[in-house]
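The values are calculated or read from the model by the stated rules, or taken from the named source; none is laboratory data. Not measured: the values here are computed from a predicted model. Cβ atoms come from the backbone with ideal geometry, glycine included; neighbour counts cover every protein chain shown. To get the accessible areas, we keep the full protein, side chains included, count just its heavy atoms, and leave off ligands, DNA and RNA. Shrake-Rupley method; radii C 1.70, N 1.55, O 1.52, S 1.80 Å.
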Amino acid sequence: MCSSDLPDAPKIEFPCPNYPIKVVGKGIDGYEQIVADIIRVHAPDLDLEIIKVKESSNGRFRSITVYITATGVQQLENIHRDLSSCEHVHMVM
């Protein structure tokens with residue numbers, strides 16, 4: 001299937017409350033705080049009361065899902081860039 005056959009990606013209306021960001025990285029002490037500090041630069045209203053954390057079976061990896069109020073494409077791109085450049089982060093979704 002070529003790219004012209006793909007349906008358009010869903011459109012996001014901004015501001016978009018409860019926008020999920022999932023971050024997978026090393027299961028180290030303080031990982032949640034590292035991720036939160038990076039996201040808060042771009043989304044100061046990040047509420048850590050609404051967070052999902054899941055450990056891998058061997059404890060080497062941890063996934064964190066946080067929810068922000070997304071204000072625009074540039075904000076989301078900046079969050080993705082900054083998280084991806086962190087040595088403790090393996091994947092951002």
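If you place +1 on the Cβ of every Lys and Arg and -1 on the Cβ of every Asp and Glu, how big does the dipole about the Cα centre of the chain come out, in debye to the nearest 20?
Working: 9 positive and 13 negative charges, 58 e Å.
In debye, rounded to 20, the chain gives about 280.
Could you state the angle between the C-alpha long axis of helix 73-84 and the longest principal axis of the C-alpha atoms of the chain, as a value from 0 to 90 degrees rounded to the nearest 10? Orientation of helix 73-84: about 30 degrees from the principal axis. In the chain, taking the dipole from charged Cβ atoms about the Cα centre, the farthest positive-side position among ILE51, THR71, VAL89 is held by VAL89. Cα convex hull, segment 10-93: 90 Å³ per residue, rounded to a whole number. Amide H contacts of GLY27 (H built 1.01 Å from N, in plane; Pro and chain starts excluded): PHE61, ARG62 sit under 5 Å, all sequence-distant by 5 or more or on other chains. Could you state the angle between the C-alpha long axis of helix 31-42 and the longest principal axis of the C-alpha atoms of the chain, as a value from 0 to 90 degrees rounded to the nearest 10? Here the helix axis deviates by roughly 40 degrees. Leaving ligands, DNA and RNA out of it, report the carbon-plus-sulfur percent of the accessible area of the chain at a 1.4 Å probe. So the carbon and sulfur contribution to the accessible surface is 54 percent.
Shown here are the Rg and Dmax of the Cα trace of segment 51-93, at 12.1, 37 Å. Summarising the label geometry, the points placed 7 Å from Cα in the beta-carbon direction at SER84 and PHE14 lie 1.8 nm from one another.
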